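The structure appears below as structure tokens.
The values are calculated or read from the model by the stated rules, or taken from the named source; none is laboratory data. Every value quoted in this text rests on a predicted model; they were computed, and no experiment measured them. Methodologically, a virtual Cβ is constructed for each residue, glycine included, from the backbone with ideal geometry; neighbour enumeration extends over all protein chains shown.
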Amino acid sequence: MGSRHLQTLIAVFLSGLWGAAVYFAHERGHLGFLDRIESAMTDLRTLARGVRVPPDFVTIVAIDDTMIEQAGSYPLARIDLARIIDALARLQPKVIAIDLVLVDRGSDEGDEALAKSLRGRPSVIAAAAVFAQASQPIAAENGPLARLPKAERFLLPLKRFADHAQIGIANVTTDRAGTPSSIPMLFRTHDSIEMSFSLRAAALAIGKEPTIEPNRLAFGERSVATDADRALPVTFYGPRRTMRTISAASVLAGEVAADDIRERIVVVGATVTAAGDFFPTPFDSQLPGVEVVATAITHLMAGDGMLRDQLVRLVDATIAIVLPMILVGLLAWRRSAIGLIATLIVVVVAAAANVLAFSRGIWLSAALPIFAAAPPAILFAGVQLSSGRRRAQYFAIRSELLAQFQAPDIREWLTRDPDFLKEPVRQDAAVVFIDLSGFTSLSESLGPDRIRELLKDFHAMVDKEAVSSGGMINSYLGDGAMILFGLPQAASDDAFRAVQCAKGLCVSTQGWLASLPPAVKSRLGFKVGAHFGTIVASRLGGGSYHHITATGDTVNVASRLMEVAAGHGVELALSDELFRAVSRNRSLFEAGALTGPVETRLRGRSGSLDVWFWRSRSENS
């Protein structure tokens with residue numbers, strides 16, 4: 001027992017060590033496949049959370065197909081963009097955020113008109129960061145800026161526009177499926193740092209410059225949580241146009257409700273088909289980029305973004321270490337069935353807690369605990385299963401050894417007639433089966449020596465009843481026995497003695513079970529089936545070993561009657577054929593309660609037969 005406990009402790013410790021290794025490897029970017037799994041599971045959790053109504057801070061003014069059809073070209077002419085900004089300004093928005101990269105010169109007239117429209121109005125223009133690779137690597141440096149996305153250069157708007165508006169970098173970070181997962185709040189090159197487009201717009205609307213700290217942004221007393229790399233996790237409110245979206249053509253036509261613009265952050269961006277940038281999201285396969293940045297601005301204004309800070313990552317690490325230890329510990333529980341059920345409960349509760357936390361805005365990793373817990377749990381369960389099979393095989397071998405010896409009457413008959421049953425013989429006989437219930441599950445928790453003692457006592461009790469009734473134990477079937485009345489030769493009182501034996505087995509087995517320890521007794525039961533009819537007696541076996549056996553429908557029916565007894569909650573089920581064979585001796589059944597006959601169908605048999613049920617007085621009491 002001490003060795004087993006030590007092995008369990010070692011397994012639990014190693015599973016926790018595995019979880020810790022998985023967490024630290026993932027944090028250092030060495031398990032990229034987990035990001036793909038996390039992306040898929042994030043989509044599922046987002047869909048499970050459902051569509052939400054966004055806080056009313058932002059209105060999107062879309063340069064859409066209608067606007068381009070009216071303007072006649074895309075990109076939109078600067079003169080038309082200036083007209084849109086002038087129309088919006090008259091409705092008094094809090095901020096106008098232009099999600100367009102205005103790096104190229106247009107017509108002098110258009111550029112001058114746009115610069116004039118921006119002059120004196122709170123506005124932000126998008127810029128872009130250019131990276132050496134498609135991905136945005138985290139520089140392997142030390143210091144507070146080490147984890148910021150490092151660009152080769154920034155594509156900034158023309159100076160005549162930048163002189164009248166603030167600048168923000170509009171890049172987003174996507175997962176491996178292309179879904180925007182976060183927006184960095186700061187970008188850098190080798191010699192400069194720029195704020196993101198979303199952060200610039202929110203700061204201008206709030207009227208305070210942000211203080212950027214580890215794991216949070218502060219606008220005075222207002223605080224917004226960020227990830228460890230100063231990125232803002234993004235979760236979407238719903239499909240396309242979940243956020244209030246107005247066509248720029250409607251703005252120019254004066255068909256916009258003033259309240260949709262007044263004191264709002266207005267984000268102007270392209271949604272025209274086959275132009276602009278689009279991203280796949282859980283709700284929509286083609287979400288315009290302007291709606292992504294509008295979502296981020298809303299998160300900053302409302303503080304309703306996903307929480308993925310250092311504390312959440314610490315919780316992730318704890319779960320990655322503790323969950324596999326719990327699962328392995330439960331699988332090692334002495335009662336393996338209970339341990340397995342408890343393991344499943346823990347897994348379900350952990351998954352439900354993860355989904356609940358996500359719906360409440362806490363972004364716990366879903367892929368990390370799966371990879372941390374599944375391999376050690378599966379490996380340990382496999383080892384346990386293999387060990388259990390070896391033990392079961394051991395018990396089966398021990399049981400088979402107990403059933404290898406022929407009954408004494410057969411041995412004596414064979415001594416007198418060595419050719420006995422060399423050819424099959426058909427004759428009438430009574431057959432009694434007894435079998436223990438719950439023995440297989442009990443053998444998983446008791447040692448082999450204790451199982452052998454139980455079987456030895458049980459077989460001795462069966463042998464005593466069979467011998468006293470003049471029956472022959474044809475075989476011990478592990479935790480059961482088959483007793484024949486009619487071999488080596490038939491007799492006129494075979495049926496009578498079979499019923500005596502069946503009743504005696506019920507009474508004796510009840511007494512034997514009562515003598516067992518409570519922990520064993522509560523898990524064991526028994527059933528007895530008895531039938532009378534024609535059997536085929538023969539000798540079977542190879543050159544080194546023969547055994548006498550009885551086959552035929554009579555044997556099958558007697559065996560199936562045990563199932564009938566168990567199904568009706570009685571000790572003994574006997575066929576009407578056997579009952580009629582002893583009907584003159586009704587006193588046989590006075591020691592208990594006899595009921596029947598009941599027409600019953602047997603498993604594997606096309607017809608039905610009448611069955612009688614008997615309970616001993618000890619069971620009734």
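Taking the criterion of being of a type in the set (Val, Ile, Thr) and surrounded by fewer than 22 Cβ atoms within 10 Å (Cβ to Cβ), the residues of the stretch 236-273 that qualify are Thr242, Thr245, Ile246, Val256, Val272, Thr273. Please determine, by comparing only the residues of the stretch 283-308 that are in contact with a Ser or Thr (Cβ under 7 Å, 6 or more places away or on another chain) and more than 14 Å from Leu199 (Cβ to Cβ), which one is surrounded by the most Cβ atoms within 10 Å (Cβ to Cβ). Per the criteria, the residue is Val290. Residues that are surrounded by 14 or more Cβ atoms within 10 Å (Cβ to Cβ) and either free of Cβ contacts under 8 Å to residues at least 12 places away in the same chain or not in a helix (DSSP H, G or I) (or both) within the stretch 319-339 comprise Ala332, Trp333, Gly339, listed in sequence order.
Name the residue, out of Asp35, Asp111, that is at pLDDT below 90 and assigned to a helix (DSSP H, G or I).
Result: Asp35 is the single residue among Asp35, Asp111 that is at pLDDT below 90 and assigned to a helix (DSSP H, G or I).
Selection within the stretch 4-24: residues that are among the polar types (S, T, N, Q) and over 26 Å from Asp35 (Cβ atoms). The member of this set that is surrounded by the most Cβ atoms within 10 Å (Cβ to Cβ) is Thr8.
Does the stretch 434-453 include one or more residues that are within 30 Å of Leu331 (Cβ to Cβ), part of a strand (DSSP E or B) and polar (S, T, N, Q)?
Applying the first criterion (within 30 Å of Leu331 (Cβ to Cβ)) to the stretch 434-453 yields 436-453.
Adding the requirement that they be part of a strand (DSSP E or B) leaves 436-437.
Right, trim to polar (S, T, N, Q) and you get 437.
Within the stretch 434-453 (the criterion being within 30 Å of Leu331 (Cβ to Cβ), part of a strand (DSSP E or B) and polar (S, T, N, Q)), the answer is yes, since at least one residue qualifies.
Only one of the numbered conditions (1) in contact (Cβ under 8 Å) with a residue 12 or more places away in the chain; (2) under 15 Å from Pro184 (Cα atoms) is violated by Arg222, and that is (2). Here the condition is being in the same structural domain as Val462 (by TED's automatic domain parsing) and either crowded, with 17+ Cβ neighbours inside 10 Å or not in a strand (DSSP E or B) (or both); of Ala573, Ala593, it holds for Ala573 alone.
Is it the case that Gln92 is surrounded by fewer than 18 Cβ atoms within 10 Å (Cβ to Cβ) and more than 22 Å from Thr273 (Cβ to Cβ)? Write out each step before concluding.
Values: surrounded by fewer than 18 Cβ atoms within 10 Å (Cβ to Cβ): yes; more than 22 Å from Thr273 (Cβ to Cβ): yes.
Criteria met by Gln92.
Which of the residues that make up the stretch 41-64 are in a helix (DSSP H, G or I) and crowded, with 16+ Cβ neighbours inside 10 Å? Correct list: Met41, Thr42, Asp43, Arg45, Thr46, Arg49. Pairing residues of the stretch 360-383 that are part of a strand (DSSP E or B) with residues that are among the β-branched types (Val, Ile, Thr), at Cβ distances under 7 Å and at least 6 apart in sequence or on separate chains, gives Ile362/Val312. Could we say that Ser492 is modelled with pLDDT of 80 or more and over 22 Å from Ile548 (Cα atoms) here? Judged against the criteria, Ser492 is not a match. Within the stretch 492-503, residues that are under 11 Å from Val431 (Cα atoms) sit with their Cβ atoms under 6 Å from residues that are among the charged types (D, E, K, R) and crowded, with 21+ Cβ neighbours inside 10 Å, at 6+ positions apart or across chains, in these pairs: Cys501/Glu465. Considering the stretch 443-465, the residues that are touching a helix residue (DSSP H, G or I) at 6+ places or on another chain (Cβ under 9 Å) and aliphatic (A, V, I, L, M) include one that is surrounded by the most Cβ atoms within 10 Å (Cβ to Cβ), namely Val462.
If you check Arg222 against the conditions, is it in contact with a Ser or Thr (Cβ under 9 Å, 6 or more places away or on another chain), surrounded by fewer than 20 Cβ atoms within 10 Å (Cβ to Cβ) and at negative phi? Write out each step before concluding.
Values: in contact with a Ser or Thr (Cβ under 9 Å, 6 or more places away or on another chain): no; surrounded by fewer than 20 Cβ atoms within 10 Å (Cβ to Cβ): yes; at negative phi: yes.
The answer is no for Arg222.
Residues that are within 30 Å of Lys208 (Cα to Cα) and under 18 Å from the mean Cα position of the chain (by Cα) within the stretch 294-341 are absent altogether. Close Cβ contacts (under 7 Å, 6 or more residues apart or on different chains) running from residues in the stretch 158-177 that are of a type in the set (Phe, Trp, Tyr) to residues that are crowded, with 17+ Cβ neighbours inside 10 Å comprise Phe161/Leu102; Phe161/Leu114; Phe161/Ala115; Phe161/Leu118; Phe161/Ile125. Among the residues of the stretch 193-229, those identified as farther than 24 Å from Gly289 by Cβ and in a loop (DSSP other than H, G, I, E, B) are Gly207, Lys208, Glu209, Pro214, Asn215, Gly220, Glu221, Ala228. Residues that are over 27 Å from Ala228 (Cα atoms), loosely packed, with under 14 Cβ neighbours inside 10 Å, at pLDDT 90 or above and basic (Lys, Arg) are absent from the stretch 68-78 altogether.
Filter the stretch 418-460 for residues that are modelled with pLDDT under 85 and of a type in the set (S, T, N, Q); which is nearest to Cys506 (Cα to Cα)? The selected residue is Thr440. For Ala353, the criteria (1) over 23 Å from the mean Cα position of the chain (by Cα); (2) surrounded by fewer than 23 Cβ atoms within 10 Å (Cβ to Cβ) hold in every case but one, which is (1).
Scanning the stretch 308-335 for residues that are in contact with a strand residue (DSSP E or B) (Cβ under 6 Å, 6 or more places away or on another chain) and among the basic types (Lys, Arg) yields a single hit, Arg308.
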